[in-house]
Amino acid sequence: MTTIDPLREHAYDGIQEFDNRLPNWWLWTFYLACIFSVFYWLHYHVLGTGPLPPERYRMEMEAAEARLAARLANQTIDDAVLQKLAAEPTFVEKGRQVFIANCAQCHKEDGGGNIGPNLTDEYWLHGSRPEAIYQTVINGVPAKGMVAWGPVLGPARCQQAAAYVLTLRNTHVAGGKEPQGEAQPPN
């Protein structure tokens with residue numbers, strides 16, 4: 001036994017449409033989505049018993065940063081470790097962000113030097129070895145006005161900044177400050 005669906009009264013370009021009933025699986029999916037949305041709204045927005053996705057993302061990123069900081073704090077820092085970190089693009093990008101936020105005022109965003117020395121040439125005041133750069137970031141140079149960033153940033157972000165500075169060495173940006181210090185061999 002077949003039922004004929006009624007024709008709708010309107011026509012478009014001479015075409016009439018049937019008034020078809022939606023399939024039950026589609027209707028149940030729609031009804032369940034509506035019921036779920038009510039509980040979702042109550043859980044996240046009214047009662048506040050769960051973090052919203054942006055907050056959850058922020059919490060996961062903070063936990064990842066804490067794990068990274070713990071791993072890096074327990075790691076012995078030497079030239080090989082810092083060179084390895086300087087080869088990781090995501091680590092270097094984080095270091096670039098730390099550098100721009102804290103170091104660019106004195107060294108310019110491109111590392112060409114402003115009040116502080118040019119970090120893109122082969123002349124270095126306190127050594128160009130990766131460990132020497134890291135120690136300069138951690139301990140600063142108080143006699144010349146550079147803050148000791150270790151207590152401020154912590155070891156993980158200091159390592160990120162040092163890894164970024166390692167990528168700047170011998171890039172010779174245009175408009176960089178005149179050479180200061182002694183020429184260092186490339187590492």
Legend entry - Surface accessible to a 1.4 Å probe, THR90 within the full protein complex, Å²: 100
Legend entry - Spin-label model distance (nm) - THR49 vs ASN139, 7 Å beyond Cα toward Cβ: 5.6
Legend entry - Nearest-20 debye value, region 40-187 charge dipole, Cβ charges on Lys, Arg, Asp, Glu: 260
Inset, instruction - Please state, to two decimals, what the Cα-based radius of gyration of region 27-95 comes to when divided by 2.2 N^0.38 Å (N = residues). - result: 1.91
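Pairs of Cα atoms under 8 Å, at least six residues apart: use those to get the relative contact order of region 1-136, whole percent.
Result for region 1-136 is 10 percent.
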Inset, instruction - Go through 125-131, 34-40 and give me the packing order, highest mean Cβ count within 10 Å leading. - result: 125-131, 34-40
Inset, instruction - At 7 Å along the Cα-to-beta-carbon direction for both LYS84 and PHE18, put a label point, then send me their distance in nm to one decimal. - result: 6.8
Inset, instruction - Please give, to one decimal in nm, the separation of the simple spin-label points placed at MET59 and PHE36, each 7 Å out from Cα toward the Cβ. - result: 2.1
Legend entry - Hydrodynamic radius of the chain per Kirkwood, over alpha carbon pairs, in Å: 21.3
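Would you rank LYS108, LYS177 by solvent-accessible area, highest first, keeping every protein chain in place and using a 1.4 Å probe?
Numbers: LYS108 75, LYS177 45 Å².
The residues order as LYS108, LYS177, largest area first.
The values are calculated or read from the model by the stated rules, or taken from the named source; none is laboratory data. Please read these numbers as outputs of a predicted model, since none were measured by experiment. Don't worry about glycine lacking a Cβ; one is built from the backbone with ideal geometry, like all the others, and counts go over all protein chains shown. Just so you know, the surface numbers come from the protein's heavy atoms only, side chains and all, with ligands and any DNA or RNA stripped out. Shrake-Rupley method; radii C 1.70, N 1.55, O 1.52, S 1.80 Å.
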